[in-house]
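A short write-up of the structure that comes next.
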Amino acid sequence: MFKFFSKIVFLFGIAVLLNSCQDNPWEQIAGPTSKNQVNIIHFSDSVLGLDSIHMFKKLEQMQYRHPAIFFESDSSSSWKKNLLPYLLDPEVQALFKDALKFRMPLDDFQSKIDYGVSQYRLRYQDRAKKFDIYTYISRNEKFWILEGPMHFFIPWDRYLGSDHPLYAREAKYQISRHDSDQVIIEVFRSLSKNHIPKIKNNSSLLSGMINSGKSILFIQTLLGDSEAQKALNMDVIQNQFMIDNEVALWKVLLKKKWLFDNSFDLKRKLIEPAPFSAFTTSNDQMIPGQAGTWFGWRILQNYWSQNPELDLSEIMADENVNLILQKSGYRP
């Protein structure tokens with residue numbers, strides 16, 4: 001009996017030790033990555049580069065396999081009328097040639113998507129959203145990614161590298177989002193929004209901070225710390241600035257009573273992408289954009305650390321931002 005009891009104590013001690021080795025609940029779960037977790041259709045690669053006759057034949061072969069591209073809800077619209085001229089456009093053809101040179105290699109793209117989706121399914125299990133990915137050329141339209149009911153549509157020409165002349169007129173603080181590896185972040189940023197409920201009857205700055213911080217925590221949990229920082233559009237120096245000035249900036253938020261302020265303009269200044277965050281201090285130009293999102297992320301990290309029994313899905317679904325702040329024990 002004593003030996004049996006000793007074994008139980010020993011096993012319990014090992015369990016506690018292993019649990020303590022995982023300092024942060026958002027660390028990736030160890031285990032093999034399943035291949036081809038998502039069906040990826042590189043639409044541009046299938047048809048661009050063909051002449052008009054061969055392209056038309058190829059499109060006819062593809063149409064019934066890919067209704068998300070070919071068949072619109074408006075029955076009067078025809079892909080034969082609209083899609084073929086678009087694909088033969090010289091600008092689209094030129095952008096595709098650049099995509100072949102500058103985009104992330106397709107094998108890397110598949111493996112990184114597989115890794116993130118494997119982590120996603122480990123966290124959400126049977127509740128994980130199922131989806132396919134289509135890649136294409138968009139003629140450099142302004143969106144980073146499009147989402148349908150069970151599909152993501154990724155425009156390769158939005159990810160040709162920050163030094164590509166196509167983006168020369170864009171604001172400098174946004175340029176890094178065009179780097180090739182950002183495409184993975186945008187997929188999971190978009191996926192995260194499916195798991196963040198719209199908070200009713202609460203339009204405070206704190207609500208915006210927590211909601212935007214959830215996307216960063218989601219990316220951190222599935223892809224890692226460095227990808228989360230990239231998702232915030234902060235480099236290492238900017239992130240260190242936030243760490244070094246965390247106490248002072250938090251005091252500004254409290255002193256001005258901004259956390260529960262419903263001002264749309266305030267959220268725009270502190271949460272939306274911007275060259276800097278406007279805290280109305282003499283050093284505003286030094287404060288990285290999206291500082292409010294950074295604070296939301298920190299609050300959520302504290303909350304999860306204080307409540308490690310919660311899983312990612314519970315944190316993402318929690319709408320009570322006041323209780324999250326309270327239970328986080330966040331005191332920089």
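Cβ-Cβ distances below 7 Å connect the following pairs, each with a first residue in segment 217-246 that is over 16 Å from Ser190 (Cα atoms), a second residue that is not in a helix (DSSP H, G or I), and a separation of six or more residues or different chains: Gly224/Gln28; Met234/Pro288; Gln238/Pro288; Phe241/Pro288; Met242/Pro288; Glu246/Pro332. Close Cβ contacts (under 7 Å, 6 or more residues apart or on different chains) running from residues in segment 105-116 that are within 9 Å of Ile184 (Cα to Cα) and in the same structural domain as Asp157 (by TED's automatic domain parsing) to residues that are assigned to a helix (DSSP H, G or I) and not β-branched (Val, Ile, Thr) comprise Gly116/Phe188; Gly116/Leu222; Gly116/Leu223. Of all the criteria given as (1) in contact (Cβ under 8 Å) with a residue 40 or more places away in the chain; (2) in a helix (DSSP H, G or I), the one not satisfied by Pro197 is (2). Pairs meeting the criteria (first residue in segment 279-308 and assigned by TED's automatic domain parsing to the domain that holds Ser226 and on the phi > 0 side of the Ramachandran plot, second residue loosely packed, with under 15 Cβ neighbours inside 10 Å and not charged (D, E, K, R), beta carbons under 7 Å, at least 6 apart or on different chains) are Gln290/Pro273.
In segment 52-69, the residues that are in contact (Cβ under 8 Å) with a residue 40 or more places away in the chain reach residues that are part of a helix (DSSP H, G or I) with C-beta atoms within less than 9 angstrom, at least six apart or across chains, in these pairs: His66/Phe43; Ile69/Phe43; Ile69/Met62; Ile69/Trp79; Ile69/Leu83. Of all residues in segment 180-193, one or more are part of a loop (DSSP other than H, G, I, E, B) and not assigned by TED's automatic domain parsing to the domain that holds Met234.
Taking segment 303-329 as the range and being crowded, with 18+ Cβ neighbours inside 10 Å and either basic (Lys, Arg) or within 20 Å of Leu254 (Cα to Cα) (or both) as the test, the residues that pass are Tyr303, Val321, Ile324, Leu325, Ser328.
Taken together, the residues in segment 33-63 that are surrounded by fewer than 13 Cβ atoms within 10 Å (Cβ to Cβ) and either of a type in the set (Gly, Ala, Ser) or out of contact with any helix residue (DSSP H, G or I) (no Cβ under 8 Å at 6 or more places or on another chain) (or both) amount to 9. Just one of the numbered conditions (1) exposed (fewer than 14 other Cβ atoms within 10 Å of the Cβ); (2) out of contact with any Pro (no Cβ under 9 Å at 6 or more places or on another chain) is not true of Gln285: (2). Of the helices (runs of 4 or more DSSP H) lying entirely inside segment 69-175, those containing at least 3 residues that are within 17 Å of the chain's Cα centre (by Cα) span 106-124.
Among the residues of segment 199-249 satisfying the criterion of being surrounded by fewer than 18 Cβ atoms within 10 Å (Cβ to Cβ) and within 14 Å of the chain's Cα centre (by Cα), which is nearest to Ser111 (Cα to Cα)? The extreme case among them is Gly224. Every condition in (1) of a type in the set (Lys, Arg); (2) under 21 Å from the mean Cα position of the chain (by Cα); (3) exposed (fewer than 12 other Cβ atoms within 10 Å of the Cβ) holds for Lys267 except the one numbered (3).
The values are calculated or read from the model by the stated rules, or taken from the named source; none is laboratory data. This structure is a prediction, so every number in the text was calculated from the model and none was measured. Because the Cβ atoms are built from the backbone with ideal geometry, glycine has one as well, and the counts that use them run over all protein chains shown.
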